[in-house]
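Take a look at the structure below.
Bear in mind these aren't lab numbers, they're just calculated from the coordinates by the rules spelled out. Just so it is clear, the model here is predicted, and its values are computed rather than measured. Neighbour counts are summed over all protein chains in view; Cβ atoms, including those assigned to glycine, are modelled from backbone coordinates with ideal geometry.
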Amino acid sequence: MAGQVKVTVCGAMGRMGQMVIKAVLGHRDLVLAGAVERPDSPLLGQNIGPLVGDSSLNVVLSSDLKEAARGSDVYIDFTSIESSLKYLAEASEMGLAAVIGTTGLSEAQRENLKKAGEKIPVIWAPNMRVGVNATYKIAAAMAKMMRPEYDLEIVQ
C-alpha cells in the first residue's frame with residue numbers, strides 16, 4: 001500500500017516497545033520496518049514476530065538504529081535517556097523523524113531535542129501519568145528540605 005508509514009521501534013522488547021509494536025501492527029497505515037534493542041540483549045539477531053505474537057512478521061532485532069531503520073519514515077523510542085540522545089543524533093543524520101517517550105530529560109537535553117527539531121520532525125511525549133509526576137514533585141520537595149550533607153537517591 002502506497003500510503004503506509006514505515007516505523008522502527010527502539011526499546012522494542014521492553015513493555016512499552018512491545019505495546020507500540022502491537023499498535024503499529026494493528027494499524028493499516030503503519031508497517032513495522034525495524035526493531036532496536038540494547039547491545040547486550042540476548043534476542044539480537046532474532047525475528048521478533050514470534051516474540052510479539054505475529055508469526056507472519058519478519059523483522060530482525062538489531063542494536064543499530066541506522067541498520068534497523070533503513071527505509072523507515074519514523075522511529076519511536078522508549079529507552080533510556082542516554083540511548084534516546086544517541087538515537088536522536090543518528091536519526092538527525094539520517095533525516096528520520098523521531099517520536100520519543102523517554103522521561104526525565106534535563107533542560108540541556110531538552111534543548112538538544114529542540115535543536116534536532118530544526119533538522120527533523122521530533123515529537124517528545126514523556127510519561128504524563130499522575131504517579132510519575134507526583135513522584136517528581138515529592139522528590140523535588142524532599143531535595144529542598146534535605147541538608148547538603150545528605151545524599152538523596154531514588155531508585156527504581
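Key figures for this structure:
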| read-out | value |
| --- | --- |
| Cα extents of region 10-80 along the three principal axes, largest first (Å) | 32, 24, 20 |
| Residues with amide H under 5 Å from that of L30, placed H, sequence gap 5 or more | V5 |
| Whole-number Å³ per residue for the convex hull built on Cα positions in region 1-43 | 60 Å³ |
| Computed E for Q109/N47 - FRET, C-beta separation, R0 35 angstrom, nearest 0.05 | 0.55 |
| 20 Å reach of a label modelled at D40, 7 Å along Cα-to-Cβ, counting backbone N of region 73-94 | 78-87 |
| Integer Hz, Karplus 6.51/-1.76/1.60 couplings in order for region 59-67, x for Gly and Pro | 10, 8, 6, 10, 9, 10, 4, 4, 6 |
| Region 1-124 - convex hull of alpha carbons, volume per residue in Å³ | 97 Å³ |
